[in-house]
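Here is the structure we will look at.
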Amino acid sequence: MPELPEVETVRQGLAKWVAGRTIATVEVRHPRAIRRHLPGDAHFIAMLTGRTILDASRRGKYLWLPLDRGGLLMHLGMSGSLSFGNAFDAPGPHDHFDLVTARGTLRLTDPRRFGAVVWSPAIDAGAAAKLLAGLGVEPFDPAFTGDHLYQALRRRRVAVKTALLGGDIVVGAGNIYACEALFEAGIDPRTRSDRLSRARCEALAEAVRLTLARALESGGSTLRDFRDAHGMAGAFQLQARVYGRVGKPCLRCGAMVRRIVQGQRATFFCPGCQKR
DNA sequence: ATGGGTACCTGTCTGC
DNA sequence: TGCAGACAGGTACCCA
C-alpha cells in the first residue's frame, strides 16, 4: 500500500504525537507481524518498555522512531496503518501491535501482515542497518539528479519501470507513482534502462520528484484502506492519470490506457504519450 | 552482480 | 447465492 507520500504523511502526523512520550507497556498480538524480517529478537519488548520516543523520521518507505536508547524501525508493507488515540476500542483481528504510553496508544493495524516492526540499537547499526543497506537515494535529496539516474540506469537492462520499483536506485516510487512518473516523463515503461538518453533521465528524475511531491500535497493515495495517523484518507488517486485507468481514454491524448504485467506487477501506461 | 521467480498474507471484487 | 480465481499500495530471499 503505502509508497513514499503515504509513509511521509503518516510520519508527519506521527512526529507531533510521539515525541517525548514514554512507552509504558507493549502489546504484541501477532509476533509474525513484528519480527517477520529478522527473527530472533527475543528481547523486543524489554528493549522498548520504559523508553522515551524522541521523534519520527523516514528512510524510503521505512519509518524510524528513535528512542532514548536504540529505536524502532517500522514498515507498513502493503496494508499497514498506524493510528493513535487515548481510548482505543478493543483490538480487532488485524491490530497486531500497540505501544502504550501514559497519554495514549500507538497502534499498528496490518491485515496482510507484510509489514515489519524491528528494534535496532541505531538506524545505522544492527537490524535497521541490514534492512536499509540496499536502499537508493531519497528522491528529494539533491543527490537525486538526472545524471545519478542516468549513471545507474545505463548499467541495467531491465525495463525502466522495474528499475524504478526496485528501490535500489531511488526510493519511494512504488507501483502507483512509478507508473505516474513514467507517464509524466513520456517514457514507455517497457523501455530498457540502458537505452534511456541522459536527457530522458533528466526528465524522469524531475517527473519522479514532481509526482511524489504532488501526491504528498494530497496526503497520499487511498485506493482501499490507506489512512494517515489521524485516520484520514488521501486524495491523490483522484489525480492519477494512468494508474488503474485501463481501457479509459488518456486525459492528454485520448488513446486507450493499457495494462500490462512487468515483474508480476501491473503497469499502466498510455501508448500514445509514452514512447520507447 | 543481475535478473527472474517465489513467498509471505487477507480482503475484495468479478465472473460463472 | 456460492464459489473459484484474480488481484491489491512491498520487499526479502532463492536460484540461475
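Once the Cα atoms of helix A:198-217 and of chain A are each reduced to a long axis, what angle between those two axes, in degrees from 0 to 90 to the nearest 10, is obtained? The answer is roughly 40 degrees.
Binning all Cα-Cα separations of the range A:146-269 at 10 Å, short to long from zero, yields these whole-percent fractions: 13, 44, 33, 9, 0.
Relative to the longest principal axis of chain A, what angle (0 to 90°, nearest 10) does the C-alpha long axis of helix A:4-18 take? The angle comes out at about 20 degrees.
The gain in end-to-end length when the A:Ala133 to A:Cys253 segment is fully stretched comes to 39.1 nm, 0.36 nm per residue minus the alpha carbon separation. Shown here for the range A:1-93: trypsin sites (Lys or Arg not before Pro) in loop regions (DSSP other than H, G, I, E, B) with at most 16 other Cβ atoms within 10 Å, namely A:Arg29, A:Arg69.
Percent of alpha carbon pairs in chain A separated by more than 25 Å? In whole percent, the long-distance tail amounts to 47.
Checking the Cα-Cα distances for A:Lys248/A:Lys275; A:Lys61/A:Lys275; A:Lys61/A:Lys130 against a 26 Å cut-off, the pairs over it are A:Lys61/A:Lys275. Helical runs assigned H by DSSP (4 residues or longer) give chain A a calculated mean residue ellipticity at 222 nm of -8000 deg cm²/dmol, each run adding -39500 (n - 2.57) before division by the residue total. Label separation (A:Val246 vs A:Ala90): 4.1 nm, computed from points 7 Å beyond Cα along the C-beta direction. Computed log10 I(q)/I(0) for the range A:4-132 at 0.19, 0.22 Å⁻¹: -1.07, -1.57, from the Debye equation with unit scatterers placed on every C-alpha and solvent omitted.
Compute the FRET efficiency between A:His43 and A:Phe114 as 1/(1 + (r/R0)^6), taking r as their Cβ-Cβ distance and R0 = 30 Å, and round to the nearest 0.05.
Efficiency at R0 = 30 Å is approximately 0.80.
Binning all Cα-Cα separations of the range A:83-143 at 5 Å, short to long from zero, yields these whole-percent fractions: 4, 14, 17, 14, 18, 15, 12, 5, 1, 0.
All of the numbers you see were taken from the coordinates with simple rules; none came from a lab. It should be emphasised that the depicted structure is a prediction, and the values quoted were computed from it without experimental measurement. Note that each Cβ is placed from the backbone with ideal geometry, even for glycine, and that neighbours are counted across all protein chains shown.
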